[in-house]
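Asks: Encoded as C-alpha cells, here's the structure I'll be asking about.
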Amino acid sequence: MVTLTPLEAELLEVAGSVLDPELPVVTLRELGVLRAVHVRDTDTVDVELTPTYTGCPAVEAMSLDIERALHAHGVREVTVRTVLSPAWSTDDISAEGRRKLREFGIAPPRVRKAAEPVGITLGPTRTRDADASADMGADMGADMGAAMGAALEPILCPHCGSADTELLSRFSSTACKALRRCLACREPFDHFKEL
C-alpha cells in the first residue's frame, strides 16, 4: 500500500473527479483508470493513467482533461503517462461507478467471483438463456463458459432488472461495450463487457 502525502491525495481527488469522455456519468477514479498522482515538487505533478484497453481512443482526451483540471487547481506542470501494467480490468470499476452506469442505462460489467481470466471466442449472437453458464457459453465459447459459469451472474437489464436478455452485437458505441436487448421490456441497452 502506497502512502500518499496530503497534497498527492488532494490532487488525486482533483484528477479523479474528471469525467470519462466516452461514459460521462463516471469519473476516471470510479472507472479505475486513474492509477496514481506523484508530486515532484509543489507545482510539478506526474499522473499515471491506464486505458481500458491498449489503443483506446479516449486516452488523449482523458489526459488533456486531467491536465486542465490540475492546471486549474494551480499545478504549473502536469505530465500524464500511460501505464499498461498492471492491465486495467472491469474489476477496477468502483461500486459507485457500477451504480452510475446502471442508472444511466448501461449494464455494468458483471463482478467475477473468481480471479480467473475472461476468455473470448466467437459464437452465436443470441444469448437468451438466463443462467450465467449458458450466457457465458454463448459469449465466450461453450468450454470456457462451462468452466467459468459459476463465476459470473447473468447480465441484467438496467431498465427493468430482468435477466432475460439477448446479445444483438458484440460491439456497441465503443469497443468495450456490447449491444443487448431485454426480452422482458424490449429495450435495447449497452453492456460494459467484462475484461
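Here, each number is a calculation from the coordinates, and none is a lab measurement. Here the structure is a predicted model, which is why all the values come from computation and not from measurement. Reconstructed Cβ throughout: ideal geometry from the backbone, glycine too, with neighbour counts over all protein chains shown.
Asks: Can you tell me what share of the DSSP beta bridges in the range 6-82 is antiparallel? A percent to the nearest 5 is fine.
Replies: Numbers: 7 of 13 bridges.
Roughly 55 percent of the DSSP beta bridges within the range 6-82 come out antiparallel.
Asks: Using modelled backbone amide H atoms (1.01 Å from N, in-plane), which distant-in-sequence or interchain residues come within less than 5 Å of Val26's amide H?
Replies: It is Asp20, by chain and number.
Asks: For an R0 of 30 angstrom, estimate the FRET efficiency from the Cβ-Cβ distance between Val39 and Thr174 and round to the nearest 0.05.
Replies: Numbers: r = 32 Å, r/R0 = 1.08.
It comes out at approximately 0.40.
Asks: Can you run phi through the Karplus equation (6.51, -1.76, 1.60; θ = phi - 60°) for the range 174-185 and list ³J(HN,Hα) in whole Hz, with x for Gly and Pro?
Replies: For the range 174-185, the Karplus-derived couplings read 9, 5, 8, 10, 10, 9, 10, 9, 7, 7, 8, 9 Hz, x marking Gly and Pro.
Asks: Where Lys and Arg each count +1 and Asp and Glu each count -1, what net charge lies around Val18 among other residues with Cβ under 9 Å from its Cβ? Write down the numbers at each step before the final one.
Replies: Numbers: positive: Arg29, Arg68; negative: Asp20, Asp65.
Computed value for this residue: 0.
Asks: Given H placed 1.01 Å from N in the peptide plane, which residues other than close sequence neighbours of Phe189 have an amide H under 5 Å from its amide H?
Replies: Arg180, Arg181, Cys182
Asks: Compute the projected area of the convex hull of the Cα atoms of the range 6-82, averaged over all viewing directions, and report it in nm² to one decimal place.
Replies: On the way: hull surface 17.6 nm².
Its average projected convex-hull area is 4.4 nm².
Asks: Still on this structure, please answer the following. Suppose the chain between Ala61 and Arg186 were pulled fully straight at 0.36 nm per residue; how much longer would it get relative to their current alpha carbon spacing? Present the calculation step by step, with values, prior to reporting the outcome.
Replies: Numbers: separation 125, 0.36 × 125 = 45.00 nm, distance 3.42 nm.
Gain in length upon complete extension: 41.6 nm.
Asks: Here's something else I'd like to know. ³J(HN,Hα) across the range 92-106 via Karplus (A = 6.51, B = -1.76, C = 1.60, θ = phi - 60°), whole Hz, x for Gly/Pro?
Replies: 6, 6, 6, 4, 5, x, 5, 4, 5, 4, 4, 5, 7, x, 10
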